[in-house]
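Presented below is the structure to which this report refers.
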Amino acid sequence: MIEIRQLTKIYGRTTAVDGLSFTVRPGVVTGFLGPNGAGKSTTMRTIVGLDRPTGGETLIGGRRYADHPAPMGVVGALLEASAPHPGRSATNHLRALAATHGIGMRRVNDVIGLVGLDDVAGKRAGTFSLGMAQRLGLAAALLGDPAVLILDEPVNGLDPDGIRWIRDLLREFAHEGRTVFISSHLMSEMALTADHLVVIGKGRLLADVPMADMIAAAGSTVRVKSPRAADLAPLLAERDVEVTAEGPDVFVVAGSSSADIAETAFTHGIVLHELTPMQVSLEDAYMALTREHIQYQAGDGPDENGRAVA
């Protein structure tokens, strides 16, 4: 379990994280969402001791990361896929990490096979593609067979087969009762992978909810097609619902049910050619929640040291 307690991190004049509190529980995949500059990467870096909090604390299994005598067996983290020394082979990179915790060569070979790097295990990491580097980073995170996984953009650079593989891996990891905490900007993939969501904006908590509740809270819409759309749309708009035209005979209604729309059309003798309920996507729900908290439109804003604050 990961506990974030009133976490605050300030870089110079920039408050990257502002009194943030939430808990990541075992047994589910928890997605971590937020606009660029929201404080996601800073929060993750603080959890694993790469940044020191200005205030508050982060705990893994009730302890600070630095207080675990063998942290690799407690938490596996992938925050930057480019971390390996470019002159080391994949095998030697993992062997060096394994030596710090007394992990044997058998486990090194196991994780190399698990992430699909058998054929390039002897090649220098500096020659790897982005996807191969990502797989090596995942191998390092899994090396200690940890109880907690913390991954920032885990599918970055992976092909469709690799994306499906890691999705299944994370869900199996959680099914075993372990803790999985992932950050991503890919809403479609997060919708398929995560069970629970933590959403932040400008360093503050916006939502801490199950995936289903996040989408349900955003409501649903109904696609309507009628040869008399121009007559029906104003009648529905009178009921304080949102009507958005998509074409001369088609519009989308938010805030009303299919049954209410059908009854209104029937009452006024209006023929309907289509009446299709549409569930709001995670992307739509996320955009609605974070619209007022977008700090950077393109690229993460830098901290006082020039590092992106994501």
The strands (runs of 3 or more DSSP E) lying entirely within the range 1-108 that contain at least 2 residues which are polar (S, T, N, Q) and modelled with pLDDT of 90 or more are 2-11, 14-24
Of the residues in the range 242-260, those that are surrounded by fewer than 15 Cβ atoms within 10 Å (Cβ to Cβ) and either more than 39 Å from the chain's Cα centre (by Cα) or under 23 Å from Ile215 (Cβ atoms) (or both) number 5
All conditions in (1) of a type outside the set (S, T, N, Q); (2) in a loop (DSSP other than H, G, I, E, B); (3) within 30 Å of Ala207 (Cβ to Cβ) are true of Leu289 except (2)
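Per-residue answers, yes or no, for (1) within 35 Å of the chain's Cα centre (by Cα); (2) among the small types (Gly, Ala, Ser); (3) assigned to a helix (DSSP H, G or I); (4) modelled with pLDDT of 90 or more:
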{"residue": "Asp213", "(1), (2), (3), (4)": "yes, no, yes, no"}
{"residue": "Leu235", "(1), (2), (3), (4)": "no, no, yes, yes"}
{"residue": "Ala262", "(1), (2), (3), (4)": "no, yes, yes, yes"}
{"residue": "Ala265", "(1), (2), (3), (4)": "no, yes, yes, yes"}
{"residue": "Met278", "(1), (2), (3), (4)": "yes, no, no, no"}
In the range 67-108, anything more than 24 Å from the chain's Cα centre (by Cα) and within 17 Å of Val148 (Cα to Cα) is listed as Asp67, His68, Pro69, Ala70, His101
If we keep only residues of the range 23-61 that are among the polar types (S, T, N, Q) and either more than 12 Å from the chain's Cα centre (by Cα) or surrounded by fewer than 20 Cβ atoms within 10 Å (Cβ to Cβ) (or both), then the residue nearest to Ala285 (Cα to Cα) is Asn36
Condition set assigned to a strand (DSSP E or B) and of a type in the set (A, V, I, L, M, F, W, C), scope the range 140-162, selection farthest from the chain's Cα centre (by Cα): answer is Val148
| request: For the range 57-64, state whether one or more residues are farther than 19 Å from Ile4 by Cβ and either among the polar types (S, T, N, Q) or out of contact with any Phe, Trp or Tyr (no Cβ under 6 Å at 6 or more places or on another chain) (or both). | output: no
Cβ pairs under 9 Å, 6+ apart or interchain, first in the range 18-46 and in the same structural domain as Ala66 (by TED's automatic domain parsing) and within 11 Å of Ile182 (Cβ to Cβ), second among the acidic types (Asp, Glu) and part of a helix (DSSP H, G or I), ordered by first then second residue, are none
Taking the range 122-145 and keeping only residues that are surrounded by fewer than 18 Cβ atoms within 10 Å (Cβ to Cβ) and within 11 Å of His93 (Cα to Cα), one is left with Gly122, Lys123, Arg124
Residue count, the range 109-139, condition outside any loop (DSSP other than H, G, I, E, B), aliphatic (A, V, I, L, M) and either under 23 Å from the mean Cα position of the chain (by Cα) or in the same structural domain as Thr42 (by TED's automatic domain parsing) (or both), comes to 7
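The values are calculated or read from the model by the stated rules, or taken from the named source; none is laboratory data. These numbers come from a predicted model, not from an experiment. Note that we place each Cβ from the backbone using ideal geometry, even for glycine, and neighbour counts take in every protein chain shown.
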